[in-house]
Amino acid sequence: MKNISSLVKERLKKEQIVLLDAIVEMASIHNVSVYVVGGFVRDLLLNIENLDLDLVVEGNGISFSKTLAEKFCGSTKSHQEFGTSKLTLQDKSHIDVATARTEYYSHSAALPTIEPSSIKLDLARRDFTVNSMAIKLDKQGVFFLIDIFGGEIDLKNGFIRILHDLSFIDDPCRIFRAIRFEQRFNFRIEDDTRDLMLSAIENKLIDQLSGQRVINEIKLILNEYDPKKCVDRMRQLCLLQTFAPEISSHDFNWSVIEKIDSVLIWLERILSMSGHPPKWRVYFLGLFITMKGVAFEKSVKRLHLPIKISNWIRLDRKFFDESKRQLDEEKELKPSQVYDLFTNLSSEAVVLLLATCFSERVCSYVELYFNQYCELAKIKLTGDDLMKMGMQPGPTFNNVFKALRDARVNGQVASRDEEVIFVRSNFL
Ligand code: ATP
């Protein structure tokens, strides 16, 4: 065990060290050994800030988590079956606390059977050497690095390496994780690990994962700083095709994916609206937007996409091509036509449309749409108002609202009173 106390003091924030010291004190009172594990240790050695503390306790992790919650006035949510507990502190930050455990896999991609164990066995069940290091919280201010599998040297040399040959068979999710960490840190998947990974892909081990697990991994990948690098790597490794069969042959799709980041950056600078579309959703839609119908439905089935998500993508797929066609015509559009063109699309699809036909003209349409037209299009009159004006409810109401919306967006009507005048002179 290597003493890394000075490194910890140099690299962590004061509050983090105070928190670790308090945890050490509680561990000594309760006579348990406590370790910080996983990504926090990896990022500490890489000198990257990481605020997610993962603790492993040799002893009862759940009751230790509850003890910490009492001390820090926090709250816990525990899972007895896994011996894990999420502690939420007053500042809303989280600490994951787990009982040291070992795992057995009855078959590939099965949920593991879990038994309480030592820190050594707990580290041995992990994915990669760089994620399998721990810091022993020994005494206040004294921290030791536990590195059984050579994680520190792999970090120095930039390698993603599994711990044993059956790793991808036990849990094929690790294939996605390997790509994510490789691309995030500009590392290389070590040669033997890469060969085992390719053989796992070739043997279709991904097919054994549930749709939900695949979606979770894809979501994590698409939330990375530069998702397109990961998407490209998945494409090279024929991994994308395991859930999106058409993807590799679709060049148009790829050129759109390549531009998403710059469009998102532009959008953030230009738009006053809050609630920009989450990055992963834009990329996710980008994977499916131009896929042929049959292939898309196959992906929906394979991934067991939740109805809400599959319907969202179906709706965007329905309107996307027509909107693109209109923009390609390069005619000047009236504000109401711009509004109609974008309003049937989700904001994620608007980003993709911009990535597809990026030009000054289309940029100005998108800017006007989000910053002006969406607000202008809010009609003040209601169905009740129309009835009070003597109109009968029915399909004409839709025509009235459409005309009102066009008039508002085109700047012909600007207030409730003007809406009343507009309806009287056009519909009564
Ligand atoms: P990130 O910076 O993306 O949060 P992380 O390493 O903290 O990275 P988590 O997904 O939070 O990633 O997992 C925490 C730790 O749990 C990992 O560092 C790894 O040791 C272990 N782990 C997570 N998923 C797996 C897996 N599928 N197989 C084995 N170990 C895993």
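The values are calculated or read from the model by the stated rules, or taken from the named source; none is laboratory data. Keep in mind the model is a prediction, meaning the values are calculated, not measured. Counting neighbours? That spans all protein chains shown, and the Cβs are built from the backbone with ideal geometry, glycine included.
Data table
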| read-out | value |
| --- | --- |
| Given (1) surrounded by fewer than 18 Cβ atoms within 10 Å (Cβ to Cβ); (2) farther than 30 Å from Glu190 by Cβ; (3) out of contact with any strand residue (DSSP E or B) (no Cβ under 7 Å at 6 or more places or on another chain), index of the condition Thr67 fails | (1) |
| Of all residues in the stretch 53-84 being small (Gly, Ala, Ser) and under 15 Å from Val36 (Cα atoms), the one that is farthest from the ligand (Cβ to nearest atom) | Gly59 |
| Tabulated pairs, the stretch 42-58, first without any contact (Cβ under 8 Å) to a residue 40 or more places away in the chain, second near the ligand (Cβ under 9 Å from one of its atoms) and among the hydrophobic types (A, V, I, L, M, F, W, C), C-beta under 7 angstrom, 6+ apart or interchain | Asn50/Phe40 |
| Meets criteria (in a loop (DSSP other than H, G, I, E, B), of a type in the set (A, V, I, L, M, F, W, C), without any contact (Cβ under 8 Å) to a residue 40 or more places away in the chain and closer than 26 Å to Thr290 by Cβ) for Leu345 | yes |
| Flag if Pro227 is on the phi < 0 side of the Ramachandran plot, within 15 Å of the ligand (Cβ to nearest atom), in contact with a helix residue (DSSP H, G or I) (Cβ under 9 Å, 6 or more places away or on another chain) and not small (Gly, Ala, Ser) | yes |
| Pick from the stretch 1-52, criterion of a type in the set (Asp, Glu) and more than 29 Å from the chain's Cα centre (by Cα), ranking: farthest from the ligand (Cβ to nearest atom) | Glu25 |
| Selection count where residues are among the charged types (D, E, K, R), part of a loop (DSSP other than H, G, I, E, B) and in contact (Cβ under 8 Å) with a residue 40 or more places away in the chain, scope the stretch 284-336 | 2 |
| Hits in the stretch 151-186 (condition: farther than 18 Å from Asp43 by Cβ, more than 10 Å from the ligand (Cβ to nearest atom) and not in a helix (DSSP H, G or I)) | His164, Asp165, Leu166 |
| Condition check for Ile307: at pLDDT 95 or above, surrounded by fewer than 17 Cβ atoms within 10 Å (Cβ to Cβ) and not aromatic (Phe, Trp, Tyr) | yes |
